[in-house]
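Worksheet: the structure to be examined is printed underneath.
The values are calculated or read from the model by the stated rules, or taken from the named source; none is laboratory data. This structure is a prediction, so every number in the text was calculated from the model and none was measured. Note that we place each Cβ from the backbone using ideal geometry, even for glycine, and neighbour counts take in every protein chain shown.
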Amino acid sequence: MRTSRILLTAATALAVTLVPLSAEAGGKVSTVAQGLNSPRGLAFAPDGALYVAEAGRGGAGPCMAGPEGDEICYGTTGAVTRIDHGRQTRVLSGLPSLAGRDGSQAIGPSDVSFLGKGNMYVTVGLGANPALRTSLPPLAQQVMGWLLRNGKPVADIAGYEATANPDGGEPDSNPNSVLALPGGRVVADAGGNSLLWVSEKGKISTIATFPDRMVDAPPFLGLPPGTQIPMQSVPTSVTLGPDGALYVGELTGFPFPTGAARVFRVVPGQAPQVYAQGFTNIIDIGFAHGKLYVLEIAHNGLLSNDPTGALIQVGSNGSQNIVTQQLMLPGGLALRDGTAYVSNCSACANPANAPGSGSVVRVGL
């Protein structure tokens, strides 16, 4: 079983209770945008505004059985929102979204990245075998699993998984992170366990893959003591390090063990190397002033029934300092001027005719 979509299934199974955000020792937390539908990746544009991808809340249908057996319904509630000096505006809307009837477990726009003025790149997730797209409405077939430029499809990430299948596993694609660089874009496919390069002309090639690991089976599976099962990497984030290398954070797949997630350093043409470890369910990473920051979607694990996330500063010796845990299923991270911006409540329910429960918060570092 592939696990690109299990992260949302498990996250929304948690007993989510929204609590007011407040200041704590690790840094002051304040809200800069709200009413968002499953906000995910964040990025600053050259004009200084902050943009956030919204995976949406599905819609009225058609509905179908999802990859994990749950019912998901299609809609066009995916979007990208611009945040600037207290104002928020959806600059892209009407993008495909798949979610449960209550708007939970949303799959849709997942990240945003900029390359100069007028070049906004957005990944749109899929979270399934690419063949699933044939059962979706025409817009979803043309957009889900793709990399977009200014709302227009430029590279079929899911299509590449279907034909090349870089990690050799069961076909599954969920483009989850994009990094726009001069000469091309880097995409982390959480479903395909791969890091991909998209050239200026849209040609896709593989930079790296991230193999399974054997881990202890959780007791609730009822397997004999000592039994181990394969766990996928599920790379959810990619960023450029101060040394010019690529850095990739992994969520890990089922059974989502605490402390098992790692950050890789990736140099094209070389095997990925573990740079930092001991994290739980990484959803995004970034560097500020040479320091690595790691965002965990569920600090105590996706099967813990605890939706508390965490932002962690990593020391040069690998030590971990929790900046804040005043986060609820966070989904994306952007760093600027000694401040972290985090999309909050990225996998909470967003029922139709109700304000979006997602927000963007600012965290002092």
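Do we have any residue at all in segment 350-362 that's part of a loop (DSSP other than H, G, I, E, B) and within 19 Å of the chain's Cα centre (by Cα)? Outline the logic, then answer.
Residues of segment 350-362 that are part of a loop (DSSP other than H, G, I, E, B), as a first pass: 350-355.
Retained after the next criterion (residues that are within 19 Å of the chain's Cα centre (by Cα)): 350.
Within segment 350-362, one or more residues are part of a loop (DSSP other than H, G, I, E, B) and within 19 Å of the chain's Cα centre (by Cα).
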(message) Could you go through segment 115-122 and let me know if any residue there is among the charged types (D, E, K, R) and either outside any strand (DSSP E or B) or touching a Ser or Thr at 6+ places or on another chain (Cβ under 8 Å) (or both).
(response) yes
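When you scan segment 225-238, how many residues do you find that are assigned to a strand (DSSP E or B) and either under 15 Å from residue 208 (Cβ atoms) or free of Cβ contacts under 8 Å to residues at least 24 places away in the same chain (or both)? Lay out the reasoning, then the answer.
Residues of segment 225-238 that are assigned to a strand (DSSP E or B), as a first pass: 228-231, 235-238.
With either under 15 Å from residue 208 (Cβ atoms) or free of Cβ contacts under 8 Å to residues at least 24 places away in the same chain (or both) added as a condition, the list becomes 228, 230, 235-238.
Final tally of qualifying residues: 6.
Any chance segment 174-191 includes a residue that's touching a residue at least 40 places away in the same chain (Cβ under 8 Å), surrounded by 24 or more Cβ atoms within 10 Å (Cβ to Cβ) and either out of contact with any Ser or Thr (no Cβ under 8 Å at 6 or more places or on another chain) or among the aromatic types (Phe, Trp, Tyr) (or both)? Reasoning before the result, please.
Kept after step one, since they are touching a residue at least 40 places away in the same chain (Cβ under 8 Å), are these residues of segment 174-191: 174-182, 185-191.
Retained after the next criterion (residues that are surrounded by 24 or more Cβ atoms within 10 Å (Cβ to Cβ)): 174-178, 185, 187-191.
Still in the running and either out of contact with any Ser or Thr (no Cβ under 8 Å at 6 or more places or on another chain) or among the aromatic types (Phe, Trp, Tyr) (or both): none.
No; the residues of segment 174-191 include none that is touching a residue at least 40 places away in the same chain (Cβ under 8 Å), surrounded by 24 or more Cβ atoms within 10 Å (Cβ to Cβ) and either out of contact with any Ser or Thr (no Cβ under 8 Å at 6 or more places or on another chain) or among the aromatic types (Phe, Trp, Tyr) (or both).
So, residue 260, is that one in contact (Cβ under 8 Å) with a residue 24 or more places away in the chain, touching a helix residue (DSSP H, G or I) at 6+ places or on another chain (Cβ under 8 Å) and closer than 25 Å to residue 310 by Cα or not? Break it down into steps so the answer makes sense when it comes.
Details: in contact (Cβ under 8 Å) with a residue 24 or more places away in the chain: yes; touching a helix residue (DSSP H, G or I) at 6+ places or on another chain (Cβ under 8 Å): no; closer than 25 Å to residue 310 by Cα: yes.
For residue 260, the condition - in contact (Cβ under 8 Å) with a residue 24 or more places away in the chain, touching a helix residue (DSSP H, G or I) at 6+ places or on another chain (Cβ under 8 Å) and closer than 25 Å to residue 310 by Cα - is not met.
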(message) Conditions first: (1) at pLDDT 95 or above; (2) surrounded by fewer than 19 Cβ atoms within 10 Å (Cβ to Cβ); (3) not in a loop (DSSP other than H, G, I, E, B). Residue 64 passes all but one, so which condition is the exception?
(response) (1)
(message) Which count do you get for residues in segment 211-256 that are under 21 Å from residue 127 (Cα atoms), out of contact with any Lys or Arg (no Cβ under 9 Å at 6 or more places or on another chain) and not β-branched (Val, Ile, Thr)?
(response) 9
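Residues in segment 239-255 that are within 29 Å of residue 218 (Cα to Cα) and either assigned to a strand (DSSP E or B) or modelled with pLDDT under 95 (or both): how many? Give the steps one after another, and end with the answer.
Here is the first cut: in segment 239-255, the residues within 29 Å of residue 218 (Cα to Cα) are 248-255.
If we keep only those that are either assigned to a strand (DSSP E or B) or modelled with pLDDT under 95 (or both) too, we end up with 248-250.
Of the residues in that region, 3 qualify.
Evaluate segment 144-160: report whether one residue or more is among the β-branched types (Val, Ile, Thr) and in contact with a strand residue (DSSP E or B) (Cβ under 7 Å, 6 or more places away or on another chain). So that I can check it myself, show each step before the final result.
Keep residues of segment 144-160 that are among the β-branched types (Val, Ile, Thr), which gives 154, 157.
Pick out the ones that are also in contact with a strand residue (DSSP E or B) (Cβ under 7 Å, 6 or more places away or on another chain) and you get 154, 157.
Yes, some residue in segment 144-160 is among the β-branched types (Val, Ile, Thr) and in contact with a strand residue (DSSP E or B) (Cβ under 7 Å, 6 or more places away or on another chain).
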(message) Just checking, does segment 26-38 include any residue being in contact (Cβ under 8 Å) with a residue 60 or more places away in the chain, touching an Asp or Glu at 6+ places or on another chain (Cβ under 6 Å) and closer than 25 Å to residue 182 by Cβ?
(response) no
(message) When you check residue 163 against the structure, is it modelled with pLDDT of 95 or more and either surrounded by fewer than 17 Cβ atoms within 10 Å (Cβ to Cβ) or among the hydroxyl-bearing types (Ser, Thr, Tyr) (or both), yes or no?
(response) yes
(message) Given (1) among the β-branched types (Val, Ile, Thr); (2) more than 23 Å from residue 364 (Cα to Cα); (3) crowded, with 18+ Cβ neighbours inside 10 Å, identify the lone condition not met by residue 283.
(response) (2)
(message) Out of everything in segment 198-219 that is surrounded by 12 or more Cβ atoms within 10 Å (Cβ to Cβ) and out of contact with any strand residue (DSSP E or B) (no Cβ under 8 Å at 6 or more places or on another chain), what residue ends up being nearest to residue 161 (Cα to Cα)?
(response) 211
